[in-house]
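Contents: one structure, followed by commentary.
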Amino acid sequence: MAEAPGSGRRSLYKAAGSPSWKEAFRQGCLERMRNSRDRLLNRYRQAGGGVPGSAQSTLLVHEVMEEEWSALRSVEGRPEVSAQLEEPVDLAVLEEIQQELADQERSIISEYEKSLQFDERCLSIILAEWEANPLICPVCTKLVTLGPR
């Protein structure tokens, strides 16, 4: 016997128009990771920037996933999400989301490292230029060198 669309038991599990909890969780985690960029970079700086590869991918990923999971479970007034969360959780989906977040985290850190390298190159060029072209002090009109004393 076929049920009418949107009725009874089917509507508990297959809510039309709403994304699955997996997609909502994935999108929420990615958004949290983008919004937590400052927090990630502060932790990276505190770690000294030389975090080993496996530990590097866990600076913020687990925390973001836990925050989003708590937020998703606490959504009130959305019975379709609550019903979907009652289904068994597929660990492969969670690992895939975790991998996406780790990739995004590595991308943010890589972008930050490139920015630091660029800043260091600019600073060394400026210092080399100052050493090559000494300045004249406008107050005492003496030659000012910025090199080693």
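Key figures for this structure:
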{"item": "Those residues of the range 110-149 which are of a type in the set (A, V, I, L, M, F, W, C) and modelled with pLDDT of 90 or more, in sequence order", "result": "Leu116, Phe118, Cys122, Leu123, Ile125"}
{"item": "Hits in the range 48-68 (condition: modelled with pLDDT under 80 and either more than 22 Å from Gln27 (Cβ to Cβ) or open to solvent by 40 Å² or more (accessible area, probe 1.4 Å) (or both))", "result": "Gly48, Gly49, Gly50, Val51, Pro52, Gly53, Ser54, Ala55, Gln56, Thr58"}
{"item": "Hey, Glu86 at pLDDT below 85 and more than 18 Å from Gly28 (Cα to Cα) or not", "result": "yes"}
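The values are calculated or read from the model by the stated rules, or taken from the named source; none is laboratory data. Keep in mind that what you see is a predicted model, and the values were worked out from it rather than measured. All Cβ positions, glycine included, derive from the backbone under ideal geometry; neighbour counts span all protein chains shown. Accessible surface is based on the protein model in full, side chains and every heavy atom, while ligands, DNA and RNA are left aside. Shrake-Rupley method; radii C 1.70, N 1.55, O 1.52, S 1.80 Å.
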